[in-house]
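Novice: Here it is, the structure, as structure tokens.
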Amino acid sequence: MALINSNEYAGLGSYSNQGGRRGPGKFHNIYITGQKRAGEEIGKMQVVKEYGRDGNATHILQNQEKIKIIIEFMKQIRIMKKTIKQQDKVVCMSYNSAEGSVSSSGRKCPNSKERKNGWCDDCKFEWIISGLLLDSKNAPVKIKNDDTGAEESVHIYTRNGGIKFGSVIDFQNALDEKVKDLPPLSDNEEMERNVINPRRFVVEMSVTWKDTDHGQKAVFVYNPTTKLKDDTVQKILDECNKLTPDFDSQFDTSKYISSPSTGTTTSPEGVKTFDEVGNKEERKDEPKKENKQPEVTSDQLSDEIDLGF
């Protein structure tokens, strides 16, 4: 296919491979059951359709050991929580995790070495990953829209902070290995790595357990598997451009955080400090590769899929 024009998808750079549907939103929460609940198995993944006013969920899928998705957005944020009246509340957030970005408190986000400034002591990094939900045959899962009655695709999301943060770093490393022999699809090396590569594969999600100071905790595993056809990748990029306003509306909750005493958003699971987590720079060292396009054989092409958008 022709090279993808990086200018057409420049806006996706903030939602890519770089540094719960509890209210209205297009993206449905996937969580791992960590304690016994009716109808749920500990250590299995649940895909939420919606939460009722009583806090109980109805589900699209339940007790899944593996879930297939195509990555649509990868967003790294900074988030700080405080315990207020025995509840965890988000009291400060930066929807742009970059150093120098302005948080909901009006303060500029410092670099890691300068983080111990009093206010930012408890601030952490978190990844939000969203994607298109697939069935066992790699076709988009469809559900009926309760308002229109129309069949529509399911877009999911996960939050990856604390012990889950490392799973995203592992995914990035796996991607680097997976694409090292593939020809580029764009005219921009940075866009290729950060925007296109995460969207070139079906990603199989599963669960593993990690030891912590508070016992074993379940975390997501993101494994890039089947390669998508090149024109399907471009269709995914086009869809992501359309979905960006929906993603921002659902996950940029900084405008609702007014002060440390009235933080309104629900905190994610426990997360590590800035000094304990990393970003893209923490990936394993790799040799610089020559910029050449290898020949794609018919055997390689047989592993590609087309979602038929």
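A short reminder: the numbers here are calculations on the coordinates, not readings from a lab. Note that the structure is a prediction, hence the values are computed from the model and not measured. Here the Cβ positions follow ideal geometry from the backbone for every residue, glycine too, while neighbour counts run over all protein chains shown.
Novice: Using Cβ contacts closer than 10 Å as the measure, can you line up 84, 163 from fewest to most?
Specialist: Least to most surrounded, the residues fall as 84, 163.
Novice: Could you list 59, 214, 155 so that the one with the fewest beta carbons within 10 Å of its beta carbon is first and the one with the most is last?
Specialist: 214, 59, 155
Novice: Give a quick list of trypsin sites (Lys or Arg not before Pro) in the range 88-187 that DSSP marks as loop, anything other than H, G, I, E or B, with at most 10 other Cβ atoms within 10 Å.
Specialist: Answer in residue order: 137.
Novice: For the range 151-200 and the range 89-128, what is the centre-to-centre distance using only Cα atoms, to the nearest Å?
Specialist: With the range 151-200 and the range 89-128 each reduced to a Cα centre, they are spaced 24 Å.
Novice: What nm distance separates the two modelled labels at residue 216 and residue 137, each placed 7 Å from Cα along Cα→Cβ?
Specialist: Modelled inter-label distance: 3.6 nm.
Novice: According to the square roots a ≥ b ≥ c of the eigenvalues of the Cα gyration tensor, what is the shape class of the range 124-203, taking rounded for a/c under 1.5, prolate for a/b larger than b/c otherwise, and oblate for the remainder?
Specialist: oblate
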